[in-house]
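All remarks here apply to the structure that follows.
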Amino acid sequence: MEDYNKEFKIDIPKKQSALKAEIISFLNSTSGEIYLGVDDSGTIHYDLINEKKKVWEEILSNWIVNAFNPDVTNLIYIYPNETPFRIKILKGKERPYFYKDGEGFNTKGVYVRVGSTKRLASFDEIQRMIRQHSQHDYERLLCHRDDLTFNYVENRFKEKGVLFDKYALSLIDKDNKYNNAALLLSDQNPTISKFAVFQGTTVNIFLDKKEFTGSILKQLDEVLYFANLSNRKKITITGKPDRDEYLDIPERALREAIVNCYCHRDWTLSGDIKIEFYDDRVQIFSPGSLPDGLTLENIKMGMVAKRNKIIVDTLDKADVIENYASGVRRIFEDYAHFKKQPEYYISDNGVIVTLFNRNYYVQNDGQSGGQNDVQNDVQNDVQNDVQNDVQKLSAEQRKEKIMELMKSNNKITIDMIKCIINVSKPTIERDIAKLRKDNKIEYVGSAKDGRWIVKTKN
């Protein structure tokens, strides 16, 4: 029987454009098959097939070469010796496809599949297909800049003991010209990421607001750092030697949702990646829809479509990505036993992922982790300072802040401290030099694997 990817035709119709439209609808939407010599009821007409299969083969072979645009020679296959006569059509990557008939590219020749039927594509659908096609090429298009530097990425690769090779990473072509992927990964990357923490469940009151610039790898590192700072813990006193700590947002789910933005966003769009923390949730916005017509259900089942292969490969080598293509499934795994599941809002302009605060909803539902639990929603002093301290610090306050940050994270970098305190890097370097001279802090170990030690007063 006919279904969404299978069509029966008794013959090539006199108005041949009708069959061309069917073929185009598969090319633009989903792979499928058309069977000739079969009526709508599924009855095979053997005599008709034997009579016409050579004519059908000739007509279709000519169509494959001349009737469609862009080129479809590797997308349409005919099987004249099968019964019934079979035409196999693959979904193309250079959409939109159209049939010519002397009219060239116009909306009359662009069709899509809707269920088991075809229809003319709307203007918006055609524009979306054009944009999706451009996404595949965007990374490799020349950026027309020859002044790019990669200090941040090179340092990250060095830390991981990996060679940063621009040619091997496909950031530069044989003529030493940089592409758009190189621009995004460079220190001169023009895009930004936005991070905000709000009081309550609305956007009325800011607790913290930041913008990150530079290489997308740098932006990703900084966003992840501040996201971890803003991800509060519920501490439960159980009476046992150890206390239970339960993060608002599962750490892995939060990381996966953020990393996915940089791997899968549509870089042809001008919007910003945005991460917003509220009391009851985190919302993560990524410009552009899902690649290649994927749906959330497709992804949860394991289907994959790579939009930014060069960027993904680079982030993978920098050890940012774990178990590529399993991120969404892992997010839902982390919420498997929580009644408010992650929500995905998917539109042509962007994807919004909402991860709900487990402690907020447990608390407000009147539930508890145990009969004798003493529940406390807490955030350490450093986190509170980061979110609320918008005043200019004195030199001494700045040094105290630096030591607090080092206590909180003994592997914190100067760049991270600079972003948190909002002063220049030379200022932070001078403060650290003074603290070391005063024997208040010490750095032990190598540049790659070392750590800060904050010395307590005698």
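The values are calculated or read from the model by the stated rules, or taken from the named source; none is laboratory data. Just so it is clear, the model here is predicted, and its values are computed rather than measured. Here the Cβ positions follow ideal geometry from the backbone for every residue, glycine too, while neighbour counts run over all protein chains shown.
Looking at Lys210, Lys194, Lys166, Lys218, which is the one that is touching a Lys or Arg at 6+ places or on another chain (Cβ under 6 Å) and within 26 Å of Ser270 (Cα to Cα)? I'd like the intermediate steps shown before the answer.
Working: Lys210 fails: touching a Lys or Arg at 6+ places or on another chain (Cβ under 6 Å); Lys166 fails: touching a Lys or Arg at 6+ places or on another chain (Cβ under 6 Å); Lys218 fails: touching a Lys or Arg at 6+ places or on another chain (Cβ under 6 Å).
Selected residue: Lys194, the only one of Lys210, Lys194, Lys166, Lys218 that is touching a Lys or Arg at 6+ places or on another chain (Cβ under 6 Å) and within 26 Å of Ser270 (Cα to Cα).
Total residues in the range 339-359 satisfying the condition of being exposed (fewer than 14 other Cβ atoms within 10 Å of the Cβ) and farther than 28 Å from Asp124 by Cβ: the figure is 2.
So which residues in the range 446-458 are exposed (fewer than 12 other Cβ atoms within 10 Å of the Cβ) and of a type outside the set (Ser, Thr, Tyr)?
Once the filter is applied, which keeps residues that are exposed (fewer than 12 other Cβ atoms within 10 Å of the Cβ) and of a type outside the set (Ser, Thr, Tyr), the range 446-458 yields Ala447, Lys448, Asp449, Lys457, Asn458.
Residues that are among the charged types (D, E, K, R) and out of contact with any Lys or Arg (no Cβ under 9 Å at 6 or more places or on another chain) occur at least once in the range 42-50. Of the helices (runs of 4 or more DSSP H) lying entirely inside the range 348-416, those containing at least 1 residues that are modelled with pLDDT under 70 span 358-364, 381-388. Let me confirm something: among Phe157, Phe164, which residue is aromatic (Phe, Trp, Tyr) and in a loop (DSSP other than H, G, I, E, B)? After applying the criteria, what remains is Phe164. Only residues that are polar (S, T, N, Q) and within 18 Å of Asn180 (Cβ to Cβ): list them for the range 146-165, please. Thr149 - this is the single residue of the range 146-165 that is polar (S, T, N, Q) and within 18 Å of Asn180 (Cβ to Cβ). Among the residues of the range 72-84, the ones that are under 27 Å from Arg128 (Cβ atoms) and assigned to a loop (DSSP other than H, G, I, E, B) come to 4 in all. So which residues in the range 265-286 are modelled with pLDDT under 90 and either surrounded by fewer than 19 Cβ atoms within 10 Å (Cβ to Cβ) or touching a strand residue (DSSP E or B) at 6+ places or on another chain (Cβ under 7 Å) (or both), if there are any at all? Residues satisfying the conditions are Arg265, Asp266, Thr268, Leu269, Ser270, Gly271. Within the range 12-49, can you find the residues that are assigned to a loop (DSSP other than H, G, I, E, B) and surrounded by fewer than 16 Cβ atoms within 10 Å (Cβ to Cβ)? Result: Pro13, Lys14, Lys15, Gln16, Thr30, Ser31, Asp39, Asp40, Ser41, Gly42, Thr43.
For Asn180, the criteria (1) within 20 Å of the chain's Cα centre (by Cα); (2) assigned by TED's automatic domain parsing to the domain that holds Asp313 hold in every case but one, which is (2).
Restricting attention to the range 76-96, the residues being at pLDDT below 90 and buried (at least 21 other Cβ atoms within 10 Å of the Cβ) number 3.
Rundown of residues vs (1) surrounded by 13 or more Cβ atoms within 10 Å (Cβ to Cβ); (2) hydrophobic (A, V, I, L, M, F, W, C); (3) modelled with pLDDT of 95 or more; (4) at positive phi, yes/no style:
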{"site": "Leu163", "(1), (2), (3), (4)": "no, yes, no, no"}
{"site": "Asn176", "(1), (2), (3), (4)": "no, no, no, yes"}
{"site": "Leu185", "(1), (2), (3), (4)": "yes, yes, yes, no"}
{"site": "Gln188", "(1), (2), (3), (4)": "yes, no, yes, no"}
{"site": "Ser193", "(1), (2), (3), (4)": "yes, no, yes, no"}
{"site": "Thr202", "(1), (2), (3), (4)": "no, no, no, no"}
{"site": "Leu207", "(1), (2), (3), (4)": "yes, yes, no, no"}
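Select from the range 413-441 the residues that are under 30 Å from Asp208 (Cα atoms) and among the acidic types (Asp, Glu) and write down the one among them that is surrounded by the most Cβ atoms within 10 Å (Cβ to Cβ). It comes out as Asp431. Tyr138 fulfils the conditions (1) closer than 30 Å to Leu220 by Cβ; (2) at pLDDT 95 or above; (3) surrounded by 12 or more Cβ atoms within 10 Å (Cβ to Cβ); (4) hydroxyl-bearing (Ser, Thr, Tyr) except for a single criterion, (2). Is at least one residue of the range 122-133 small (Gly, Ala, Ser), over 19 Å from Leu315 (Cα atoms) and free of Cβ contacts under 8 Å to residues at least 24 places away in the same chain? Checked the range 122-133: at least one residue is small (Gly, Ala, Ser), over 19 Å from Leu315 (Cα atoms) and free of Cβ contacts under 8 Å to residues at least 24 places away in the same chain.
Residue pairs whose Cβ atoms lie under 6 Å apart, sitting 6 or more positions apart in sequence or on different chains, and linking a residue in the range 239-254 that is modelled with pLDDT under 95 to a partner that is among the charged types (D, E, K, R) and part of a loop (DSSP other than H, G, I, E, B), are Asp248/Arg232.
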